[in-house]
Amino acid sequence: MLPTENLLVHVYVLVDDAIAAAEVTIPVRPGPAPACSDAELLTIALVRHLLGRRSEAGFLAEVARDFAHLFPRLPHQSEANRRIRWLWAAFEQLRAALVARCPLDDCAQIDTSALPVKHPSRVRGPDGWVGPHELVAGFGRDGAHGEWFYGFRLAVRTDLGSRLVRAWSIVPAAVNERDVATDLLAAGPAPRDLLVDKGFTGRAFTAACAARGTAVLTPPTKAQRPNMPSALRQVIARWRNHIEVTFGELTDRMELARHGAHTFWGLLTRTAATIAAHTLLRVHSTDLRLA
């Protein structure tokens, strides 16, 4: 594994180059320039997710203790948290710049995963978990764990082979997944094949995808299995494992399932940073040697 110090330097160079090339744009702020640059804070946030460090304050303290020679003017945790939230769009710009350099796979996957914000037993009525466009936290069913949750869903579109996230969105906990897939497919060229879960099954959705030149593949139901060649069933099962691995990396290895955010904008920032870190890992896995 790449030593943490080398990882910090490597990621900082990538971020600073992206800012210099205008691939990542930082909005102008009034007042004097902060002592700790935006590139430094972006680097610390990305590396925290790459290493799977759950605590933002804990990792900032670790950097201050062990790598003060790299980051000599770190802000206090509250200021760092506020500035990183303000920079959330920079994470998404970095992700978009990284995937733009990679060839697009003609096979794609779309799926959703639970993003809980509090335990269902603690919900007592309307709360502060409100995002833009009337997006609010709600109850949903987490099929992967067979339980109910309170929060949102993370929807992603990935390439089948490289597992690069090409588009993503935070959506309501109880949502029509076919509508989510339609929105994600609008971001970029239509794939030749689209692999989805059974929750996306629908004649209208399949027909709309076919009209764009996309064939929809879903895991067979119990009734369909006897009539489907075993080789095809094995291929679909192996392909479906790709999206499960991706969600495992995002939610478990990079700690997104335990995000610790207290507001929607904190959740948005940590989701964008996690996906940007995952993209960085997929694109530069040879250099980072973390995969």
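The values are calculated or read from the model by the stated rules, or taken from the named source; none is laboratory data. These numbers were taken from a predicted model, which means no experiment stands behind them. Positions of Cβ are backbone-derived with ideal geometry, glycine not excepted, and every protein chain shown enters the neighbour counts. To get the accessible areas, we keep the full protein, side chains included, count just its heavy atoms, and leave off ligands, DNA and RNA. Shrake-Rupley method; radii C 1.70, N 1.55, O 1.52, S 1.80 Å.
Quick check: the angle from helix 38-51's long axis to the longest principal axis of the chain, C-alpha only, nearest 10 degrees?
Compared with the principal axis, the helix lies near 50 degrees.
Give the residue list of trypsin sites (Lys or Arg not before Pro) in the stretch 92-180 that are DSSP loop and have at most 16 other beta-carbon atoms within 10 angstrom. Please list the in-between numbers first.
Numbers: sites: ARG95, ARG101, LYS118, ARG122, ARG124, ARG141, ARG153, ARG157, ARG163, ARG166, ARG178; in loops: ARG101, ARG124, ARG163.
For trypsin sites (Lys or Arg not before Pro) across the stretch 92-180 that sit outside H, G, I, E and B with at most 16 neighbouring Cβ atoms in 10 Å, the list reads ARG101, ARG124.
Let me check I've understood the local charge: for TRP86, count other residues with C-beta under 10 angstrom from its C-beta, Lys and Arg +1, Asp and Glu -1. What total comes out?
+3
With a 1.4 Å probe and every protein chain kept in, tell me what percent of the accessible surface of the chain is carbon plus sulfur.
Within the chain, the accessible surface is 55 percent carbon and sulfur.
Per residue, how large is the accessible surface of the chain? Use a 1.4 angstrom probe and give square angstrom.
With the other protein chains kept in place, the chain gives 49 Å² per residue.
Placing unit charges on C-beta atoms (Lys and Arg positive, Asp and Glu negative, everything else neutral), compute the dipole magnitude of the stretch 22-91 about its Cα centre in debye, rounded to 20.
Magnitude of the dipole: close to 200 debye.
What is the packing order of peptides 25-34, 105-114, taking the mean over residues of other C-beta atoms within 10 Å and listing the highest first?
Put in order of decreasing packing, that is 105-114, 25-34.
Taking the 0 to 90 degree range and rounding to the nearest ten, how far is the long axis of helix 88-100 tilted relative to the main principal axis of the chain, both from C-alpha atoms?
Its long axis makes an angle of about 60 degrees.
Sum -39500 (n - 2.57) across every DSSP H segment of at least 4 residues in the chain, then divide by the residue count to get the 222 nm mean residue ellipticity, nearest 500.
So the calculated ellipticity at 222 nm is -13500 deg cm²/dmol.
Return the distance in nm (one decimal) between the two label points of a simple spin-label model at LYS222 and ALA20, each offset 7 Å from Cα along Cα→Cβ.
6.1 nm
Out of every Cα-Cα pair in the stretch 1-119, what percent are more than 23 Å apart?
The calculated P(r) of the stretch 1-119 puts 38 percent of pairs beyond 23 Å.
Out of all DSSP beta bridges with both ends in the chain, state the antiparallel percent to the nearest 5.
Around 80 percent antiparallel, to the nearest 5.
Which angle from 0 to 90°, rounded to the nearest 10, does the C-alpha axis of helix 4-20 make with the longest principal axis of the chain?
So the inclination is approximately 80 degrees.
Give the label of the value calculated from the structure for volume of the Cα convex hull per residue in Å³, choosing from (i) 226; (ii) 154; (iii) 144.
Checked against the structure: label (ii).
What do you get for trypsin sites (Lys or Arg not before Pro) in the stretch 193-278 restricted to DSSP loop and a cutoff of at most 10 other Cβ within 10 Å of the site's Cβ?
LYS222
What's the FRET efficiency of ARG203 with ARG124 using the Cβ-Cβ distance as r and R₀ = 41 Å, to the nearest 0.05?
Between ARG203 and ARG124 the formula returns 0.50.
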